[in-house]
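This report refers to the structure that appears directly beneath it.
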Ligand code: AMP
Ligand code: ZN
């Protein structure tokens with residue numbers, strides 16, 4: 001399996017630190033709003049990397065954080081007159097709902113920055129003791145960038161270039177830094193901000209230190225893969241490397257993976273341009289499987305353009321695969337014989353070639369675009385090779401292959417059985433009757449049954465309302 005490593009700028013053979021195991025850290029979102037479709041890209045991409053690794057037999061320990069203390073969270077909390085934790089908990093829950101709808105598996109651990117402050121203070125202390133950090137008179141602690149010789153190795157920048165690139169002077173507010181390139185590890189509290197006690201001042205951590213600490217706590221000092229969007233290469237990941245390697249005295253991550261950016265109609269997504277979409281916005285128009293399929297139709301390192309036409313194309317492509325599986329299910333019920341004939345055995349060997357093609361594409365730095373082409377070829381093959389007299393074993397083998405390849409991509413190939421409105425309403429009535437009769441067990445059973453089918457109930461003053469998830 002080959003993985004493109006931002007650190008070396010090359011595709012490298014993937015050799016994990018421990019045989020059969022993969023430790024992986026993916027920088028997660030700052031939770032002050034519903035996640036947007038750009039945030040969904042690393043979630044989908046690295047979830048697919050994880051799923052493929054698991055398919056190849058690796059045991060994956062997958063950690064993805066929530067940044068739950070940050071200026072934007074504090075601003076929103078002050079606007080709403082609520083505590084920052086109310087805002088962050090709300091959007092963590094919303095983010096988990098979106099992840100589920102996108103078929104992004106929950107991480108092995110989802111640490112939150114505010115629960116890891118002790119570890120951050122400990123690492124900052126180690127950095128001070130080792131001469132890599134210093135506290136300024138007001139209690140701010142800075143990382144001494146020039147004390148770490150490998151600084152710049154990920155983003156392929158060197159300190160002299162950074163200094164001559166306009167960073168040679170201290171700007172206002174930075175007077176207490178020893179060098180303009182030094183970055184914050186700990187900062188003093190401001191009025192109305194959450195804060196923690198520390199040896200330097202009451203305050204809160206800088207952003208970069210949280211990932212170094214959470215990665216170490218949940219995965220160890222050396223890990224296999226560290227990942228995120230390409231905007232994180234500099235300074236976030238560069239600073240994480242400096243902190244972790246200076247504190248631990250060991251290489252941090254073996255492979256650094258970064259997804260390309262998602263643009264809208266070839267422009268940067270931004271609220272001010274009015275081209276900003278949350279995952280929730282998209283879910284109003286499409287099944288989120290379509291969004292996942294769309295994202296995987298491109299290579300994860302390429303920039304990806306989002307447009308209405310491309311989403312329609314993704315919807316049609318997905319539909320072609322789902323229809324094929326639905327036809328195969330229909331033919332399976334009608335099949336007259338179970339046993340494979342000699343001709344079918346040969347055909348199945350040909351079908352295996354598409355699976356090999358899929359694996360080869362994924363082995364080549366997770367080329368999901370080519371892997372999905374292999375699924376389309378298999379679908380075409382199934383559509384043409386399953387005729388009237390096909391055996392059940394033959395049809396089942398082809399169907400299972402399509403379903404399995406789709407599943408590795410986190411996509412469902414089986415058409416969802418939609419409940420009819422009348423069926424839903426009659427179950428809701430039955431639940432009301434059960435409640436009146438104080439048969440709460442049955443009432444709960446019906447609620448769960450409906451939830452399984454994606455029907456959400458809401459008890460309101462005007463009665464029970466329902467909607468499809
Ligand atoms: P943030 O909440 O801004 O820290 O972002 C969370 C994750 O989403 C990071 O890995 C970012 O690199 C990634 N991300 C943010 N915007 C985009 C975008 N437009 N395209 C792709 N990835 C993005
Ligand atoms: Zn991070």
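The values are calculated or read from the model by the stated rules, or taken from the named source; none is laboratory data. What you are looking at is a predicted structure, and each value in this text was computed from that prediction instead of being measured. Here Cβ is always computed from backbone atoms with ideal geometry, including for glycine, and neighbour counts include all displayed protein chains.
Can residue 224 be described as in a helix (DSSP H, G or I) and closer than 30 Å to residue 98 by Cα?
The answer is no for residue 224.
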(message) Of everything in region 31-47, what is within 12 Å of residue 261 (Cα to Cα) and either more than 8 Å from the chain's Cα centre (by Cα) or more than 16 Å from ligand 2 (Cβ to nearest atom) (or both)? Give them in sequence order.
(response) 37, 38, 40
(message) Looking only at residues that are farther than 21 Å from residue 33 by Cα and part of a helix (DSSP H, G or I) in region 48-74, which one is farthest from ligand 2 (Cβ to nearest atom)?
(response) 55
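Could we say that residue 455 is surrounded by 17 or more Cβ atoms within 10 Å (Cβ to Cβ) and touching a strand residue (DSSP E or B) at 6+ places or on another chain (Cβ under 6 Å) here?
yes
Checking the condition surrounded by 16 or more Cβ atoms within 10 Å (Cβ to Cβ), more than 29 Å from the chain's Cα centre (by Cα), assigned to a loop (DSSP other than H, G, I, E, B) and at negative phi, which residue from 162, 181, 127, 154 passes?
Being surrounded by 16 or more Cβ atoms within 10 Å (Cβ to Cβ), more than 29 Å from the chain's Cα centre (by Cα), assigned to a loop (DSSP other than H, G, I, E, B) and at negative phi holds for just one of 162, 181, 127, 154, which is 181.
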(message) I'd like the full set of residues that are in a loop (DSSP other than H, G, I, E, B), surrounded by fewer than 16 Cβ atoms within 10 Å (Cβ to Cβ) and in contact (Cβ under 8 Å) with a residue 12 or more places away in the chain, limited to region 135-151.
(response) 137, 138, 150
(request) Test residue 157 against the criterion of being at pLDDT below 95, away from ligand 2 (no atom under 16 Å from the Cβ) and within 28 Å of residue 17 (Cβ to Cβ), and give yes or no. (result) yes
(message) So, in region 289-301, how many residues would count as being under 14 Å from residue 372 (Cβ atoms) and either touching a strand residue (DSSP E or B) at 6+ places or on another chain (Cβ under 6 Å) or in a loop (DSSP other than H, G, I, E, B) (or both)?
(response) 4
(request) Output the residues belonging to region 215-231 that are out of contact with any strand residue (DSSP E or B) (no Cβ under 7 Å at 6 or more places or on another chain) and more than 14 Å from ligand 1 (Cβ to nearest atom). (result) 216, 217, 221, 222
(request) Give region 15-30 a look and list any residue that's surrounded by 17 or more Cβ atoms within 10 Å (Cβ to Cβ) and either over 22 Å from residue 295 (Cβ atoms) or within 8 Å of ligand 1 (Cβ to nearest atom) (or both), or say none. (result) 16, 23, 26, 27, 28, 29, 30
(message) Looking at the structure I just gave you, is residue 77 under 26 Å from residue 192 (Cβ atoms), touching a helix residue (DSSP H, G or I) at 6+ places or on another chain (Cβ under 7 Å), without any contact (Cβ under 8 Å) to a residue 24 or more places away in the chain and not in a loop (DSSP other than H, G, I, E, B)?
(response) yes
(message) Out of the residues in region 229-288 meeting the condition of being under 21 Å from the mean Cα position of the chain (by Cα), in a strand (DSSP E or B) and over 30 Å from residue 123 (Cα atoms), tell me which one is farthest from ligand 2 (Cβ to nearest atom).
(response) 264
(request) Scan the strands (runs of 3 or more DSSP E) fully inside region 1-42 and keep the ones with 1 or more residues being touching a helix residue (DSSP H, G or I) at 6+ places or on another chain (Cβ under 6 Å). (result) 21-26
(request) Go through 3, 26 for me and flag whichever is farther than 28 Å from residue 112 by Cβ and touching a residue at least 12 places away in the same chain (Cβ under 8 Å). (result) 3
